[in-house]
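All remarks here apply to the structure that follows.
The values are calculated or read from the model by the stated rules, or taken from the named source; none is laboratory data. All values derive from a computational prediction rather than experimental measurement. No Cβ is skipped: glycine too gets one built from the backbone with ideal geometry, and neighbour counts run over all protein chains shown. Note: areas computed on protein heavy atoms with side chains; ligands, DNA, RNA excluded. Shrake-Rupley method; radii C 1.70, N 1.55, O 1.52, S 1.80 Å.
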Amino acid sequence: MISTATKIADFNFGNCLMNAAGVYCMTREELAEIEASAAGSFVTKTATLEARTGNPEPRYADTHLGSINSMGLPNKGFNYYLDYVTELQKQADTKNHFLSLVGMSQKETHTILKQVQASDYQGLVELNLSCPNVPGKPQIAYDFETTEEILSQVFSYYKKPLGVKLPPYFDIVHFDQAAAVFNTFPLAFVNCINSIGNGLVVDDEAVVIKPKNGFGGIGGDYVKPTALANVHAFYQRLNPSIQIIGTGGVKSGRDAFEHILCGASMVQIGTALHQEGPAIFERITKELKDIMADKGYETLEDFRGQLKYMN
Ligand code: SIN
């Protein structure tokens, strides 16, 4: 019997596939669609202390090889999502979920996380250290000193399972430095990668999104090699207790297989979910199971991290 079940920290998931934060996760209705699909879980839209309208539209565009977005963290405020996942957690047949959060300042991040710590929510939190789209706010995880400072403070009071959403890194030295920081904290997971920040797509003679004169995060086919490199680099470097969620360029069972082969315990789908809708989870699960069957693998543990090198 072939299974794509997985586990992050102490949480079991019947399927390793789920949405990426930002896609099908803004409203309860969208989240309920993911809950009802073949996905093993959902992650909520990254939420801030107060609701935000985000950047001006158009702020997302599909392209030939993926997508570009500069959403600017539109969301309904963290209480909206915290209430929903707490409500679901009380239901007998519920899945386990991820609550994605970040403050507009360090102070706000701590205000949010202290409230989640004090709440009834017992599930996973993904702290987003990598949004590239808020004008004037750099991607936090590119600044290792600030990242270390935030995580030190967070783990002084936050005792529930928490992981971080990371931007892509592009240099071996940065993989080493980032992993050295993350290895000093009791993180449940790291999620690699957020979009490749601040790309530019040109159509005829113009940009395709309005914010930041067209600059935005790139997802889809463009990013898969970068995502796989980040998943594998952290798989090689992190303490085994810190699991990897692989995100970036997944639109087929083969893509999901490659993320797991590189070390991912769970795989998120962004651009392709936006383009195809929640039925994508059934298709990709089947494709992944077919590949596993061909190769004689029954569980993800049979091949996770088993990427082969050349001698
Ligand atoms: C956004 O809302 O701008 C996207 C969120 C992210 O990339 O973290």
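Note on the chain: Kirkwood hydrodynamic radius from all Cα pairs is 19.3 Å, rounded to one decimal.
Largest first, the three principal axis extents of the alpha carbons in the stretch 116-164 are 34, 20, 14 Å in whole numbers. Accessible area per residue for the chain, computed on protein heavy atoms with a 1.4 Å probe, is 43 Å². Among residues other than residue 71 with Cβ under 11 Å from its Cβ, the summed charge is +2 (Lys and Arg +1, Asp and Glu -1).
Computed over the chain, the per-residue total of -39500 (n - 2.57) for DSSP H runs of n ≥ 4 gives a 222 nm mean residue ellipticity of -10500 deg cm²/dmol, rounded to 500. Expressed as a whole percent, the accessible area of the chain that falls on carbon and sulfur atoms is 52 (1.4 Å probe).
Once you've got the GNM for the chain with C-alpha springs shorter than 10 Å, pick whichever of 176, 120, 294 has the biggest mean-square fluctuation. It is 294. Contact order, relative form, for the chain: 21 percent (alpha carbon pairs under 8 Å, 6 or more residues apart, mean separation divided by residue count).
A run of the chain free of exposed loop cleavage sites, with trypsin sites (Lys or Arg not before Pro) counted only in DSSP states other than H, G, I, E and B and at most 13 other beta carbons within 10 Å, reaches its longest extent at 160-307. Among the listed pairs 224/295; 90/137; 95/210; 7/76; 76/286; 137/251, those with a Cα-Cα distance over 26 Å are 90/137; 95/210; 7/76; 76/286; 137/251. Taking chymotrypsin sites (Phe, Trp or Tyr not before Pro) as exposed when their DSSP state is a loop state and no more than 11 other Cβ atoms lie within 10 Å, the longest site-free interval of the chain runs over 1-169. In the stretch 1-102, the inverse of the mean reciprocal separation of distinct Cα atoms equals 14.7 Å; this is its Kirkwood hydrodynamic radius. Where the centre of each part is set by its Cα atoms, how far does the stretch 238-276 sit from the stretch 107-164, in angstrom? Computed from Cα coordinates, the inter-centre distance equals 22 Å. Please identify the longest segment of the chain free of exposed GluC sites (Glu not before Pro), where exposed means a DSSP state other than H, G, I, E or B and no more than 16 other Cβ atoms within 10 Å. Answer - 51-204. Using R0 = 35 Å, the C-beta based FRET efficiency linking residue 213 and residue 108 works out to 0.80.
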